[in-house]
Amino acid sequence: MVRMSAEERRESVIRAAAQEFARGGYYGTSTEAIAKQVGVSQPYLFRLFPGKKAIFLATVQWCMNDLIRVFEEASDGLHGEEALRAMGDAYIRIVTEDPERLLMQMQMYVTVAAAEQAGDHELGEAVRAGWMRLWDTVHRPLGGDAGETTNFMAYGMLINSLVAMGFPPGHRVWEGCYPAARPEGGAAGE
């Protein structure tokens, strides 16, 4: 049996945490559940991360980095409308094919709201910093147009809501999305 390095184990914890936080949220997920999914003890988990908040922050960073990578790869060498369509298609693909990625995003935003209400601003600062990196990643290939970037991000949040609520591709609620944001398939007007 090959032993994992501490960095490989950290990565496996982050991936497991993303699944657990996606399903249970920050406040509803225990470090015990994360440790169990990875197959380590809680004391070992706390040797890798000082606490649950550190695990969540690392997971937020991983999630944002993943989204940024998806948009960078999709828009590589493209600009304007071509970049918008490529990033839109890539985003639709990841949130519909891997719902836990979408749920993790949604949990990040809900957690920030709850933490800020309780006076904890650290989570919000991390998520907002990630959001700004994501904004900049989208902004560049869209020609630095703030309106286009705002529309893209706004449609992304609409897509998050529609997918999270289970509206199937082709349902009439998708008709208002710009063409690149409309998932293929399904019957129109459902």
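The values are calculated or read from the model by the stated rules, or taken from the named source; none is laboratory data. As the structure is a computational prediction, the values presented were derived from the model and not from experiment. So basically every Cβ, Gly included, is an ideal-geometry build from the backbone, and we count neighbours across all protein chains shown. These area figures cover heavy atoms from the full protein model, side chains too; ligands, DNA and RNA do not enter into them. Shrake-Rupley method; radii C 1.70, N 1.55, O 1.52, S 1.80 Å.
Scan the range 20-28 and tell me whether some residue there is among the aliphatic types (A, V, I, L, M), in a helix (DSSP H, G or I), in contact with a Cys (Cβ under 6 Å, 6 or more places away or on another chain) and closer than 30 Å to residue 139 by Cα. There is no residue in the range 20-28 that is among the aliphatic types (A, V, I, L, M), in a helix (DSSP H, G or I), in contact with a Cys (Cβ under 6 Å, 6 or more places away or on another chain) and closer than 30 Å to residue 139 by Cα. Identify the residue in the range 145-158 that is crowded, with 16+ Cβ neighbours inside 10 Å and touching a Phe, Trp or Tyr at 6+ places or on another chain (Cβ under 7 Å) and, among all such residues, is modelled with the highest pLDDT. Step by step, filter the range 145-158, then rank; the result is 149.
Taking the condition assigned to a helix (DSSP H, G or I) and either closer than 16 Å to residue 130 by Cα or of a type outside the set (A, V, I, L, M, F, W, C) (or both), does residue 43 pass? For residue 43, the condition - assigned to a helix (DSSP H, G or I) and either closer than 16 Å to residue 130 by Cα or of a type outside the set (A, V, I, L, M, F, W, C) (or both) - is met. For residue 134, the conditions (1) modelled with pLDDT of 95 or more; (2) aliphatic (A, V, I, L, M); (3) more than 12 Å from the chain's Cα centre (by Cα) are fulfilled apart from (3).
Just one of (1) more than 29 Å from residue 27 (Cβ to Cβ); (2) open to solvent by less than 60 Å² (accessible area, probe 1.4 Å); (3) out of contact with any Lys or Arg (no Cβ under 9 Å at 6 or more places or on another chain); (4) of a type in the set (Gly, Ala, Ser) fails for residue 75. It is (3). Name the residue that is nearest to the chain's Cα centre (by Cα), counting only residues in the range 78-88 that are closer than 13 Å to residue 140 by Cβ, in contact (Cβ under 8 Å) with a residue 60 or more places away in the chain and open to solvent by less than 20 Å² (accessible area, probe 1.4 Å). Applying the filter and picking the extreme gives 87.
Checked against the criterion of being under 15 Å from residue 51 (Cα atoms), among the basic types (Lys, Arg) and out of contact with any strand residue (DSSP E or B) (no Cβ under 8 Å at 6 or more places or on another chain), the candidates 10, 15, 23, 3 yield just one match: 10.
Return yes when residue 91 is of a type in the set (Ser, Thr, Tyr), open to solvent by 70 Å² or more (accessible area, probe 1.4 Å) and in contact (Cβ under 8 Å) with a residue 60 or more places away in the chain and no when it is not. Criteria not met by residue 91.
When the range 131-144 is limited to residues that are open to solvent by 70 Å² or more (accessible area, probe 1.4 Å) and of a type in the set (D, E, K, R), the one that is farthest from residue 83 (Cα to Cα) turns out to be 133. All of (1) at pLDDT 95 or above; (2) open to solvent by less than 50 Å² (accessible area, probe 1.4 Å); (3) not aliphatic (A, V, I, L, M) hold for residue 32 with one exception: (2). Would you check if there is a residue in the range 111-119 being crowded, with 17+ Cβ neighbours inside 10 Å, among the charged types (D, E, K, R) and either at pLDDT 95 or above or not in a loop (DSSP other than H, G, I, E, B) (or both)? No, the conditions are met nowhere in the range 111-119. Close contacts from the range 20-49, counting a first residue that is farther than 14 Å from residue 6 by Cα and a second that is assigned to a loop (DSSP other than H, G, I, E, B), with Cβ to Cβ under 6 Å and a gap of 6+ residues or different chains, come to 20/29; 21/29.
Mind checking which residues of the range 39-64 are within 30 Å of residue 90 (Cβ to Cβ) and open to solvent by 60 Å² or more (accessible area, probe 1.4 Å)? Selection gives 61, 62.
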